[in-house]
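Everything on this sheet refers to the single structure shown next.
Just so it is clear, none of the values below were taken in a lab; they were calculated from the coordinates. None of the values given here were measured: they were computed from a predicted structure. Using ideal geometry, Cβ is built from the backbone for each residue, glycine included, and neighbour counts are taken over all protein chains shown.
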Number of protein chains: 2
Amino acid sequence: MQEKLRVREDEALRVDAGVLLGYVTKVFLALGLPDEDAAIAADVLVRADLRGVDSHGVAHIQPEGFYVPWLRRGEVNPRPQIRVVAERPATALLDGDHGLGMVVGYRGMEEAIRRARDPGMAVVCVRNSGHFGMTGYYAMMALPHDMIGLAMTHASPMVVPTFGRDALLGTNPIALAVPAGREPAFVLDMATSTVAAGKLEIAARMGVPIPEGWAADQEGNSTTDPVAGRRARRLLPLGGTRDQGSHKGYGLAAMVDILSGVLSGVGATSMLSGGERGHFFAAIRVDAFQPVGEFKAMMDRMLANLKGSTPAGGHDRVYVAGEIEHELEIERRASGIPLHSEVVAGLCQVGEELGVDCGFLGI
Amino acid sequence: MQEKLRVREDEALRVDAGVLLGYVTKVFLALGLPDEDAAIAADVLVRADLRGVDSHGVAHIQPEGFYVPWLRRGEVNPRPQIRVVAERPATALLDGDHGLGMVVGYRGMEEAIRRARDPGMAVVCVRNSGHFGMTGYYAMMALPHDMIGLAMTHASPMVVPTFGRDALLGTNPIALAVPAGREPAFVLDMATSTVAAGKLEIAARMGVPIPEGWAADQEGNSTTDPVAGRRARRLLPLGGTRDQGSHKGYGLAAMVDILSGVLSGVGATSMLSGGERGHFFAAIRVDAFQPVGEFKAMMDRMLANLKGSTPAGGHDRVYVAGEIEHELEIERRASGIPLHSEVVAGLCQVGEELGVDCGFLGI
């Protein structure tokens with residue numbers, strides 16, 4: 001459903017998903033992560049690329065990207081002691097010990113799934129984690145267990161409140177994954193801002209104006225100038241303007257900040273100076289409410305009703321959340337993941353610096 | 001935060017909240033509800049009026065309104081046997097036995113709060129309920145228990161999917177209530193469509209165009225004609241257009257439909273022909289994660305950071321969700337609830353037909 005920042009085919013090199021996974025795992029191993037954690041972190045990134053969410057994939061493995069310098073500078077702990085610091089039968093608070101977000105996030109959702117077994121559902125809040133990549137990954141971890149998965153995280157300040165000038169909230173994504181039968185799972189994975197920051201980058205590069213409702217200037221007013229929007233680092237909440245319901249996008253962003261930041265104790269985005277993050281995960285057993293088969297059959301009917309409905313004038317298809325990503329994943333698993341040559345160059349440079357051979361990537 | 005369809009002061013009569021509550025309770029008693037249920041149903045409606053959510057208040061107590069004819073025609077069961085039909089320690093599925101939505105909704109949230117005590121949180125799904133008024137009411141029931149409350153319901157088909165022509169989803173509201181300390185509670189209560197249907201009614205009455213992104217015509221295309229929009233009964237999901245993120249509003253509406261309709265077993269909106277509704281409620285103990293005092297102090301800081309932030313040009317104040325409603329509630333508890341003379345006339349007519357005296361309402 002979400003049109004993320006996808007690589008243009010004509011600038012791309014196709015790399016096999018398994019090869020890429022192996023390489024990125026080795027990079028994380030070289031950065032000091034234990035075997036299992038390195039494999040987890042790599043899987044979260046490669047899965048994003050497989051699903052076309054290129055903005056949250058291996059493109060961040062760069063000499064000056066997110067995770068590599070953080071681990072090298074010791075800002076992220078490669079071998080965290082992740083532990084439960086508070087618990088009840090259906091809840092847990094996890095301390096991530098400043099580990100890599102993808103590893104801490106995985107452990108958090110794993111804990112929610114494990115804990116949901118007896119009580120029927122569970123919530124796990126996580127503190128002292130970091131940037132964890134594609135939110136939908138964690139929600140989707142519930143699917144093989146016939147559970148509904150919910151994941152949220154707050155993020156660095158980049159979104160203004162309705163009527164406000166200061167970016168006090170992050171793009172604060174919400175992801176929900178629901179198993180279906182014949183149909184692919186319903187996977188909603190959305191930032192609570194109108195668009196991701198990367199869309200401004202593309203418009204700026206192309207020299208085209210952006211629509212009203214995407215970004216604000218230094219004064220907090222909606223701007224159509226992508227350069228001004230990027231400089232200001234002020235995205236508008238979903239809805240864009242008050243007239244179009246931006247107070248709802250703002251309210252959802254605040255909700256995510258409360259559940260990830262305040263309930264975990266790490267602090268709301270407006271109180272944080274560093275890269276610490278909190279997350280919120282929930283897992284719900286489908287069979288606590290309905291027999292799994294009946295539930296999936298009903299999901300199939302609902303999704304088919306939406307997909308089979310008449311398109312509006314000028315459109316030829318109605319999609320459901322996660323459908324486009326699912327199709328891309330099938331295609332990319334078969335034909336490889338298209339990576340921009342600059343991304344491949346950065347990946348290789350990281351490998352060179354760490355003594356990991358990237359020759360097989362096609363360079 | 002939400003600018004609902006408020007009564008114009010110059011057309012209004014001020015009625016004391018307690019007097020109104022007593023009167024509406026008697027109306028529900030006369031319609032066959034047991035004492036406690038009548039008081040609950042009346043409280044849900046009057047609370048909406050107190051908070052300025054006039055579109056979900058006593059204005060629906062009319063000879064041809066929602067609840068009165070439904071009860072009179074036997075479509076709603078005045079004395080339902082509400083019962084748990086499936087349960088685990090942190091979950092329950094409630095059958096509402098086609099009772100009045102406000103009563104069934106109240107029992108559902110009550111069950112979630114009660115069940116959350118030991119496991120730390122609980123989810124309750126409800127089937128065979130009906131239109132239940134203001135969603136925020138149920139979420140706010142968690143507040144006195146130092147819990148976070150979440151409530152959702154699906155609704156009658158009135159919202160089109162992104163790129164679609166057919167209204168297959170409801171306005172499907174989401175409400176979250178979070179306790180704070182000195183600050184009023186954070187109460188998000190939002191439809192997942194750009195606007196409520198009533199806004200088109202107002203624009204049509206005033207003969208002014210509506211902004212793009214609110215409603216679609218018969219073909220599913222965005223229209224600025226409020227009359228065409230009303231006739232088509234096709235609202236657009238939050239975001240309005242794909243460019244402005246309507247696939248996110250659509251995704252959220254589908255999420256609510258799944259959690260309320262499919263998980264409860266009542267069916268997604270696109271499968272229902274009658275007025276049956278499903279709801280989804282959750283309650284989370286704050287102290288399962290943080291000491292209550294520390295949590296509330298952190299909520300206060302977060303809310304103060306937002307409210308104290310610099311307004312954008314042309315604005316003089318940044319609000320948080322629930323703030324405007326909280327202020328209205330204080331004012332209306334003190335000075336009475338403004339009711340349009342037509343609403344009062346309808347309320348009295350219902351009373352006359354049922355043998356309930358409305359003289360004290362000021363007529």
Diffusion coefficient, µm² s⁻¹, Stokes-Einstein with Kirkwood Rh over alpha-carbon pairs of segment A:61-216 at 4 °C and 1.567 mPa s:
74 µm²/s
Of all the C-alpha pairs in segment A:80-151, what % are more than 15 Å from each other?
48 percent
Hey, could you get me the Stokes-Einstein D for segment B:211-261, Kirkwood radius over alpha-carbon pairs, 10 °C and 1.306 mPa s, rounded to whole µm² s⁻¹?
142 µm²/s
Part-to-part distance (alpha-carbon centres) for segment B:233-289 and segment B:309-346, which is given in Å:
26 Å
At 7 Å out from Cα toward Cβ: B:Pro69 inter-copy label distances (nm, ascending)
6.6
How large are Rg and Dmax for chain A when calculated on the C-alpha trace, in angstrom?
20.2, 56
For segment A:123-169, convex hull of alpha carbons as volume per residue, Å³
105 Å³
Alpha-carbon Debye profile of segment A:199-296, log10 I(q)/I(0) at 0.15 Å⁻¹:
-0.78
Separation between the B:Val84 and A:Asp300 pseudo-spin-labels, each 7 Å from Cα along Cα→Cβ, expressed in nm?
3.2 nm
Give a quick list of trypsin sites (Lys or Arg not before Pro) in segment B:32-116 that DSSP marks as loop, anything other than H, G, I, E or B, with at most 12 other Cβ atoms within 10 Å.
B:Arg73
Would you calculate, for chain A, the mean residue ellipticity at 222 nm contributed by helices, counting each DSSP H stretch of 4 or more residues as -39,500 (n - 2.57) and dividing by all residues, to the nearest 500?
-11000 deg cm²/dmol
Where does segment A:244-363 land on Rg/Rh, using Cα atoms and the Kirkwood Rh?
1.10
Normalised by the residues of segment B:155-274, what does the relative contact order come to in percent, with Cα pairs under 8 Å and at least six apart?
27 percent
Assume the label is 7 Å from Cα along Cα to beta carbon: what separations in nm does A:Gly32 have to the matching positions in the other copies?
7.2
Trypsin sites (Lys or Arg not before Pro) within segment A:261-363: DSSP coil, no more than 12 neighbouring Cβ in 10 Å
A:Arg317
Could you pull the copy-to-copy label distances for B:Met206, with points set 7 Å along Cα to Cβ, in nm to one decimal and sorted shortest first?
3.6
Estimate the FRET efficiency between A:Asp225 and A:Glu331 by the formula 1/(1 + (r/R0)^6), using the beta-carbon distance for r and 41 Å for R0, to the nearest 0.05.
0.70
How large is the translational diffusion coefficient of segment A:25-141 in µm² per second when you combine the Kirkwood radius over alpha carbon pairs with Stokes-Einstein at 37 °C and 0.692 mPa s?
227 µm²/s
With r defined as the distance between the Cβ atoms of A:His340 and A:Arg182 and R0 fixed at 60 Å, what FRET efficiency is calculated, to the nearest 0.05?
0.95
Would you grab the residues whose amide H sits under 5 Å from the one on A:Val15? Only those 5+ places off in sequence or on another chain, please, with H modelled 1.01 Å from N.
A:Ile337, A:Leu339
As a footprinting exposure proxy, order B:Ile330, A:Ile148, A:Ile174, A:Ile113 by other Cβ within 10 Å, with the fewest listed first.
B:Ile330, A:Ile113, A:Ile174, A:Ile148
What number, in percent, do you get for the relative contact order of chain B if the mean sequence gap of Cα pairs under 8 Å and at least 6 apart is divided by its residue count?
23 percent
Volume per residue, Å³, of the convex hull around the alpha-carbon atoms of segment A:136-226?
117 Å³
For segment A:152-222, state which trypsin sites (Lys or Arg not before Pro) are in a DSSP loop and have at most 16 other beta carbons lying within 10 Å of their beta carbon.
A:Arg182
Taking θ = phi - 60°, what integer Hz values does the Karplus form 6.51 cos²θ - 1.76 cosθ + 1.60 yield along segment A:227-232, in sequence order, with x for Gly and Pro?
5, 4, x, 5, 4, 6
Explain nothing, just the number: relative contact order of segment A:223-363, from Cα pairs under 8 Å at least 6 residues apart, as a whole percent.
8 percent
With θ set to phi - 60° and the Karplus curve 6.51 cos²θ - 1.76 cosθ + 1.60, what are the ³J(HN,Hα) couplings of segment B:327-340 in order, to the nearest whole Hz, using x for Gly and Pro?
5, 5, 4, 4, 5, 6, 5, 7, 10, x, 9, x, 10, 4
Run the lone-cysteine check on chain A: no other Cys C-beta under 4.7 Å from the residue's C-beta.
A:Cys125
Hey, could you pull the Cα Rg and Dmax for segment B:254-301, both in Å?
17.2, 48
Rg(Cα) of the protein assembly as shown divided by 2.2 N^0.38 Å?
0.94
How many lysine pairs in the protein assembly as shown, separated by 8 or more positions in sequence or lying on different chains, have Cα atoms less than 28 Å apart?
25
Can you work out the FRET efficiency for the pair B:Glu352 and B:Glu36, with r the C-beta to C-beta distance and R0 = 22 Å, to the nearest 0.05?
0.30
Segment A:35-78-segment B:35-67 distance, computed between alpha-carbon centres (Å)
52 Å
Cα-only Debye scattering, segment A:175-233: base-10 log of I(q)/I(0) at q = 0.16 Å⁻¹:
-0.56
Reciprocal of mean inverse Cα separation for segment A:16-56 (Kirkwood radius, Å)
10.0 Å
